[in-house]
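The values are calculated or read from the model by the stated rules, or taken from the named source; none is laboratory data. The structure displayed is predicted, hence computed values, not measured ones. Neighbour counts run over all protein chains shown; Cβ positions are idealised from the backbone, glycine included.
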Amino acid sequence: MDIGTEWHRSCSIPLIQQLAASAVLNTPRQVALWKSPGGGKCHVMLDSGINRLGIGPEQFSAELFKGLNFDILMSHLASADEDSDQNSRQLKRFGEQSLQITARRRSLANSAGIMPGQDYHFGLSQYELLTLLGQRFERRWT
């Protein structure tokens, strides 16, 4: 069974729990399904402006997340490798939303997202491109 594509079916949740895996919840439906059998530790992806993945601002409410055992609250920058105003807008939105939710860790920056500065790190950065591909990023932010 491919957990990545099958987990959203409630019959897969016990398998995830049995494996001691942590689900990454991307939609209100997934949050509800995860809560229904007692859930467990999870990660939640917020759409802070990337507009393709995560729980969007129009879906966001503290009530939605009530009772979840959060480990990581995360998002991604849409234009991380560019000097774009969108980065600061996403930083502001993610910061405001993350203050309303109790999560053990927060993460906004992927590989390129570490370049705009410490404010984007939130204590946990995702270095997938830097570590997997060894790609070097030219620092464009001063």
Any residue in region 10-33 that's surrounded by fewer than 15 Cβ atoms within 10 Å (Cβ to Cβ): show its pairings with residues that are part of a helix (DSSP H, G or I) at Cβ separation under 6 Å, as long as the two are six or more apart or on different chains. Ser10/Leu33
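Is there a residue in region 114-128 that is touching a helix residue (DSSP H, G or I) at 6+ places or on another chain (Cβ under 9 Å), modelled with pLDDT of 85 or more, assigned to a helix (DSSP H, G or I) and surrounded by 12 or more Cβ atoms within 10 Å (Cβ to Cβ)?
Scanning region 114-128 turns up no residue that is touching a helix residue (DSSP H, G or I) at 6+ places or on another chain (Cβ under 9 Å), modelled with pLDDT of 85 or more, assigned to a helix (DSSP H, G or I) and surrounded by 12 or more Cβ atoms within 10 Å (Cβ to Cβ).
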Would you point out which residue out of Gly54, Gly134 is on the phi > 0 side of the Ramachandran plot and at pLDDT below 75? Gly134
Please state which one of Gly67, Gly49 is at positive phi and in contact (Cβ under 8 Å) with a residue 40 or more places away in the chain. Gly49
